[in-house]
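Please read the structure below before turning to the comments.
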Amino acid sequence: FKTGDLERAEKNFRQAIDLDSSLWEAHHLLGIIYDRQQNYEGAILQYRWAIRLKPNTSMLFNNLGMSFLLKGDYEEAMKSFMEALRLENSNAKIYNNLALTLCKLKRYNEALEVFKKGGDEAAAYNNLGYVLMSEGKNRQAIDAFEKALEIKPGFYTKAYENLKKAKAASLSVSP
């Protein structure tokens, strides 16, 4: 798995599970392999197996949520991320994944508040701006990047770079 030979790793994990189906880590790593192969249904199945065996592991719920997010099942993704946060409420990665899911559901104000829980306020506005820019909502993205810079002037280079990109994109779609 670590060498990147996912085909061989999958075969070995499958063999291990055939010998002992209680190997939660093998199920988890198979889920990761299936995610990388964009086989989200297979990944979801493996994460659920791992969760049955190790139900108090936030990382498993986070990864399950990512599979749902990538599959486009945002409601299920949200449930998984919420469960992950119930188990580990200080994990910035989980907060950010939940916020991305809220963005997919067009719940931007909620997403901003969740991004804030995963980092600082300037980073939250930058993250929201980036999502908005990727969705072609350049005017809203510009507002978010400007807010990030207002909160941390001169320091937040990433927000400044993103602001320049959003302004350029905004100009290219204008008549």
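The values are calculated or read from the model by the stated rules, or taken from the named source; none is laboratory data. These numbers were taken from a predicted model, which means no experiment stands behind them. Ideal geometry is used to build each Cβ from the backbone, glycine not excepted, and the neighbour counts take in all protein chains shown. Surface accessibility is based on the protein's heavy atoms, side chains included, excluding ligands, DNA and RNA. Shrake-Rupley method; radii C 1.70, N 1.55, O 1.52, S 1.80 Å.
For the range 24-175, the share of accessible area belonging to carbon and sulfur comes to 53 percent (1.4 Å probe, ligands and nucleic acids excluded). Net charge dipole, the chain: roughly 340 debye, given to the nearest 20, about the Cα centre with Cβ charges of +1 for Lys and Arg and -1 for Asp and Glu.
A simple spin-label model places the labels of residue 5 and residue 86 4.1 nm from each other, with each point 7 Å out along Cα-to-Cβ. Counting only alpha carbon atoms, the long axis of helix 92-104 and the longest principal axis of the chain meet at about 70°.
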